[in-house]
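The values are calculated or read from the model by the stated rules, or taken from the named source; none is laboratory data. Everything numeric in this text was worked out from a predicted model, so none of it was measured. All Cβ positions, even for glycine, are placed from backbone atoms using ideal geometry, and neighbour counts span all protein chains on display.
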Amino acid sequence: MHSFFDPASPQARAVAGLWWWMFGVGFVIWLGVAALAVYVANAGHGQRESDDLMHVPPETRRRIERIVSASVFATVLVLAVFLVYDFSVGRLLAQHPQRALTIDVVGHQWWWEVQYEDPNPSKRVGTANEIHVPVGETVQFKLRAADVIHSFWAPNMNGKRDLIPGYVSTLWFKADTAGVYRGQCAEFCGLQHAQMAFYIVAEPPVKFAAWLAAGSAPPEPPTDSTLLYGQRVFMSSGCAVCHAIGGTEAKATVGPDLTHFKGRSSIAAGSLANTRANLTRWIQNPSAIKPGVRMPALPFKPAELNALVSYLETLK
Ligand code: CUA
């Protein structure tokens, strides 16, 4: 599921095509060179060691010169063809419609902030580590970094693009096959670089539109007493200092937006499956799962932790 051998967009198909041609031609050349090396090693057997280029007959010399010139010409030709092919793939990757669904992605140590742009600010959808895209529609990504350099790489969709602090880089792709595709930070960014994954969820446009519309709506407010207690714990014990939940007082942007947290498949940028047991473990001691992570372990009593987890589990 995290492989450029399995392209799911015209952009990734172009990159994979270029790679296979380079691999194929390179392999044929390697076979030829290896065969020649074996042939020369055998042909030279039993000849006098004093044979050097200065003493070979003139006709043999000319033959050697012709072979060398032809090889140089063939090498230049192969490289030139690949240069043109490479540029044409680069052109294709840069082609995009004037207006496209735009998704802002900010790389943080070590998670991905995701915002769907909308002219109406109340319709902006914020999420983290999981990016829904409509199949058959070109999507633009505006990539920024909050701290150090990261790199956005969903190999089934397109090549990688660096996220550089103070600079906005852009990337386009059009998913053409529905599915869930893993992405990964591809630039070393500190201790948990390897645990900075994300998912591209490519789904039919109707399903995507429904997801996006639901995303801008706040979750159902809790009614049950345990859930209300859990929400109070969230608001009063430090969670709300870093996280946001739509429709509540929690609006911080230091950590991932939790408005529809339970709608995501993983916790902590692909580190854990999003289950109740894993969420409990994560909140109890984040550093045990992701050493160096910014999220602190707060001293919850068992009843508080249980109510808090129950409340978070309702954020669908
Ligand atoms: Cu972010 Cu590596």
Would you please name the residue that is modelled with the lowest pLDDT, looking only at residues in segment 97-144 that are among the hydrophobic types (A, V, I, L, M, F, W, C), more than 14 Å from the ligand (Cβ to nearest atom) and farther than 18 Å from Ala12 by Cα?
-> Ala100
Considering only segment 151-190, how many residues are hydrophobic (A, V, I, L, M, F, W, C) and either more than 10 Å from the ligand (Cβ to nearest atom) or at positive phi (or both)?
-> 10
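Does Val148 satisfy the criteria of being in contact with a Gly (Cβ under 7 Å, 6 or more places away or on another chain) and outside any helix (DSSP H, G or I)?
Working: in contact with a Gly (Cβ under 7 Å, 6 or more places away or on another chain): yes; outside any helix (DSSP H, G or I): yes.
Taking the combined requirement at face value, the residue satisfies it.
Right, Phe208: in contact with a His (Cβ under 7 Å, 6 or more places away or on another chain) and either in a helix (DSSP H, G or I) or surrounded by fewer than 19 Cβ atoms within 10 Å (Cβ to Cβ) (or both) or not?
yes
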Residue ID - nearest to the chain's Cα centre (by Cα), chosen from residues in segment 56-93 that are touching a residue at least 40 places away in the same chain (Cβ under 8 Å) and farther than 25 Å from Val33 by Cα | Leu93
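Would you check if Thr280 is among the β-branched types (Val, Ile, Thr) and free of Cβ contacts under 8 Å to residues at least 40 places away in the same chain? Spell out how you get there, then give the answer.
Values: among the β-branched types (Val, Ile, Thr): yes; free of Cβ contacts under 8 Å to residues at least 40 places away in the same chain: yes.
Judged against the criteria, Thr280 is a match.
Can you give me the number of residues within segment 262-316 that are part of a helix (DSSP H, G or I) and of a type in the set (A, V, I, L, M)?
First, pick out the residues of segment 262-316 that are part of a helix (DSSP H, G or I): 262-263, 276-284, 286-289, 302-312.
This time we only want the ones that are of a type in the set (A, V, I, L, M), so: 277, 279, 283, 288-289, 303, 305, 307-309, 312.
The total comes to 11.
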Taking Gly255 as meeting all but one of (1) part of a loop (DSSP other than H, G, I, E, B); (2) away from the ligand (no atom under 16 Å from the Cβ); (3) touching a residue at least 40 places away in the same chain (Cβ under 8 Å); (4) in contact with a helix residue (DSSP H, G or I) (Cβ under 7 Å, 6 or more places away or on another chain), write down the number of the exception.
-> (2)
Of those in segment 191-204 that are assigned to a strand (DSSP E or B) and either in contact with a Lys or Arg (Cβ under 7 Å, 6 or more places away or on another chain) or basic (Lys, Arg) (or both), the residue farthest from the ligand (Cβ to nearest atom) is Tyr199
Are there any pairs, at least 6 apart or on different chains, whose C-beta atoms fall under 7 Å, with the first in segment 208-224 and among the small types (Gly, Ala, Ser) and the second loosely packed, with under 13 Cβ neighbours inside 10 Å, and if so, which?
-> Ser216/Ser122
Out of the residues in segment 162-202 that are under 18 Å from Lys290 (Cβ atoms) and among the aliphatic types (A, V, I, L, M), state the one that is surrounded by the most Cβ atoms within 10 Å (Cβ to Cβ).
-> Met196
Got a number for residues in segment 60-117 being surrounded by 12 or more Cβ atoms within 10 Å (Cβ to Cβ) and under 30 Å from Arg264 (Cβ atoms)?
-> 20
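Are any of the residues in segment 211-220 surrounded by fewer than 16 Cβ atoms within 10 Å (Cβ to Cβ), among the small types (Gly, Ala, Ser), outside any loop (DSSP other than H, G, I, E, B) and within 16 Å of the ligand (Cβ to nearest atom)? Show your work before the answer.
Here is the first cut: in segment 211-220, the ones surrounded by fewer than 16 Cβ atoms within 10 Å (Cβ to Cβ) are 213-214, 217-218, 220.
This time we only want the ones that are among the small types (Gly, Ala, Ser), so: 213-214, 217.
From what's left, outside any loop (DSSP other than H, G, I, E, B): 213-214.
Within this subset, residues satisfying the condition of being within 16 Å of the ligand (Cβ to nearest atom) are none.
Within segment 211-220, none of the residues are surrounded by fewer than 16 Cβ atoms within 10 Å (Cβ to Cβ), among the small types (Gly, Ala, Ser), outside any loop (DSSP other than H, G, I, E, B) and within 16 Å of the ligand (Cβ to nearest atom).
For the condition surrounded by 14 or more Cβ atoms within 10 Å (Cβ to Cβ), at pLDDT 90 or above and closer than 21 Å to Gln115 by Cα, what is the one hit in Leu308, Leu258, Leu279?
Numbers: Leu308 fails: closer than 21 Å to Gln115 by Cα; Leu279 fails: closer than 21 Å to Gln115 by Cα.
Just one listed residue meets the conditions, Leu258.
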